[in-house]
Structures are given as structure tokens and as C-alpha cells.
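Engineer: A single structure is presented below for examination.
Just so you know, all these numbers are worked out from the coordinates, no wet-lab data involved. Predicted model, so just to flag it, every value in this text is computed and none were measured. Cβ placement follows ideal geometry from the backbone for every residue including glycine, while neighbour counts extend to all protein chains displayed.
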Amino acid sequence: MRSYRQHCALAKALDLIGDRWTLLIVRELLIRGACRYTDLLDGLTGIATNLLVNRLRELEEAGILNREEAPPPIATALFRLTPRGEELEPIVYQLGLWGAPLLANSPKSDVFRPHWLILPARHSLRDHRPDQPPVKLEIRSGGQVIAIEAVDGSVHTRLGGVDRPDAVLSGKPQLIAAVLLGKLDLHHARAAGLRYTGDPGVLRRVQPAA
């Protein structure tokens, strides 16, 4: 890794995570947990395979991720953030908040993977009715499924479906993000092509407070 060669904590941090693609690799691991090389490649559209291999090696040498061999039937290497790597989550989230206004001028050709919604949802959604029974909301978009569960005052968000969801939200990920994070009301989102089945109260229960 190149170094700024400065006795400064920020410079030392950037020595490790300041290269192109590095924080996006961290983003994928924060969202997915332990995952395969091919999973990372799918979420990092545009990265060269040799560059991904190099970045993974550098992050492992820096103690930010671990590589482990998974037993059958997976029988392949899995990559997982170390506790030191997991400490980057609030930093990655705050960078996303800082960059959010830039999305207004994002080219239409830019790629948007639905699972990228998980990180902002994890930090923005709240269970506003902890006294009520648990509810399950399923997000379906772009061939991916995301589970959101509100239970006992907490909201849990992960890749994958749920058994018998109380509500299902499906459509373009940009519309889903706007509705889920309270930027667009459900009525206008439906008019724009979003599909919602189930109790609308499930969505209101977890949306950020106005």
C-alpha cells in the first residue's frame, strides 16, 4: 500500500482504506456478512477482477477482513470483516449521508443494486410500535429479496426472504428507497409504478419519523 508518510491519524487511516474501491468492498461486507468472491464481484460493478484480488489481499494484511475456507457444500473461500473492520460501519454510513445530495445529479446510466438499501435502512428505520406483535416486510427488486423485521423495539434488515411476510414492497430500487426512508408517500410511489401488498401500517411502523 502507498503511504502519505504523515504522522496524522487521518492520513494513517487513508493509507489503509483510501484507495479506490476499498470502502465499497467494506460496504459489501457490512451488508452481506461473510460472502464469496463472486458475491463481492456482483456488488462491485465495474471493478477489474485482478484489482479486487489485490484489494482483498491488502485488506486482509491490514487486519480489516479475514479469509476463511468454508466447508462443503460451499467449499470456497469466504471473506468476513474483522471486529476492526466492523468499526468502519458508522464511518461508511456517514459518508453515504454526506454523499446523498449528490444522487440528485447522478446519471441515469449509474447502476443501483437493491441490496445497497440495507445499510441506510439499518440506520434509519425504527420500530415505532414496540408494544405490538412483530411484523415482517419483504422487499423485492432487481432479482434480490430483502427482509425487514420489526420486533420489540428493534428493526433487523438482511438479505433474503421471510416466511409469510405481513407486507411486500416491490419495484424499482430508487422508488423503494424513497418510500422506505420516508422521502415519498406510498400513494405517489404507487402511481409511479411501485407495488405494495399487505397492511400499510407495517410500512408506517418502521419508516423514519417525519
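Engineer: Name the residues of region 65-89 whose amide N is less than 17 Å from a point 7 angstrom out from the Cα of ALA34 along the C-beta direction?
Structural biologist: Correct set: 65-86.
Engineer: Taking only DSSP H segments of four or more residues, each worth -39500 (n - 2.57), what value at 222 nm results for the chain once the sum is divided by all its residues, to the nearest 500 deg cm²/dmol? Before the final figure, lay out the partial values.
Structural biologist: Working: 10 runs with 83 residues, N = 210.
Taken over the chain, the calculation gives -11000 deg cm²/dmol.
Engineer: When the C-alpha atoms of region 109-210 are aligned to their principal axes, what extent does each axis show, in angstrom, from largest down?
Structural biologist: 43, 26, 24
Engineer: Per 0.36 nm of contour for each residue apart, how much would the distance between ARG164 and ASP152 grow if the chain were fully extended, relative to their Cα-Cα spacing?
Structural biologist: Full extension from ARG164 to ASP152 adds 2.4 nm.
Engineer: In a GNM of the chain with a 10 Å cut-off on Cα contacts, which of HIS187, HIS128, HIS115 has the highest mean-square fluctuation?
Structural biologist: Of HIS187, HIS128, HIS115, the most mobile in the Gaussian network model is HIS187.
Engineer: Calculate one ³J(HN,Hα) per residue across region 54-59 by plugging θ = phi - 60° into the Karplus curve 6.51 cos²θ - 1.76 cosθ + 1.60, and present them in order as whole Hz with x for glycine and proline.
Structural biologist: Couplings: 5, 5, 5, 5, 5, 5 Hz.
Engineer: Measure nothing but the geometry: give the 0 to 90° angle between the long axis through the Cα atoms of 89-99 and the longest principal axis through the Cα atoms of the chain, rounded to 10°.
Structural biologist: 70
Engineer: A further question follows. State the Cα centre-to-centre distance between region 69-104 and region 114-192 in whole Å.
Structural biologist: When both Cα centres are located, 20 Å separates them.
Engineer: Right, something else. Where both residues lie in region 70-207, what percent of DSSP beta bridges are antiparallel, nearest 5?
Structural biologist: Bridges in region 70-207 are about 80 percent antiparallel.
Engineer: Hey, rough spin-label estimate for SER109 and GLN132, points 7 angstrom out along Cα→Cβ, what's it come to in nanometres?
Structural biologist: Spacing of the two 7 Å Cα→Cβ label points: 4.5 nm.
Engineer: For region 54-179, place one equal point scatterer on every Cα, skip the solvent, and apply the Debye formula. What is log10 of I(q)/I(0) at q = 0.15, 0.22 Å⁻¹?
Structural biologist: -0.96, -1.28
Engineer: Could you size up the charge dipole of region 55-210 around its Cα centre, putting +1 on the beta carbon of Lys and Arg and -1 on that of Asp and Glu, and report it in debye to the nearest 20?
Structural biologist: Charge dipole, region 55-210, about its Cα centre: 600 debye, nearest 20.
Engineer: Shifting gears a bit: How do the peptides 88-94, 138-144 rank, highest first, by the average count of neighbouring beta carbon atoms within 10 Å per residue?
Structural biologist: Top to bottom by mean Cβ count within 10 Å: 138-144, 88-94.
Engineer: I would also like to ask the following. Which of the aspartates and glutamates could be linked to LYS172 by a straight reach, that is with a Cα gap under 19 Å, when you skip same-chain ones fewer than 8 residues away?
Structural biologist: In chain and number order, the partners are ASP42, ASP110, GLU138, ASP185.
Engineer: List the extent of the Cα atoms of the chain along each of their three principal axes, largest first, rounded to whole Å.
Structural biologist: Reported extents, whole Å, longest axis first: 54, 44, 35.
Engineer: Once the convex hull of the C-alpha atoms of region 1-50 is built, how many Å³ does it hold per residue, rounded to a whole number? Kindly include the intermediate steps, with their values, before the conclusion.
Structural biologist: Working: hull volume 4.4 nm³, N = 50.
Roughly 88 Å³ of hull volume per residue.
Engineer: By how many nm would the segment from LEU186 to GLU68 grow when fully extended, if each residue of separation counts as 0.36 nm and the alpha-carbon distance is taken off?
Structural biologist: Answer, rounded to one decimal: 38.2 nm.
Engineer: To the nearest 20 debye, what charge dipole does region 1-95 have about its Cα centre, counting +1 at the Cβ of each Lys and Arg and -1 at the Cβ of each Asp and Glu?
Structural biologist: Dipole of region 1-95, to the nearest 20 debye: 240 debye.
Engineer: Continuing with the same structure: Report the calculated FRET efficiency for ARG5 and GLU87 (r = Cβ-Cβ distance, R0 = 25 Å), to the nearest 0.05.
Structural biologist: 0.55
Engineer: Shifting gears a bit: On the Cα set of region 8-89, report Rg and Dmax in Å, please.
Structural biologist: Gyration radius and largest Cα-Cα distance of region 8-89: 12.5, 46 Å.
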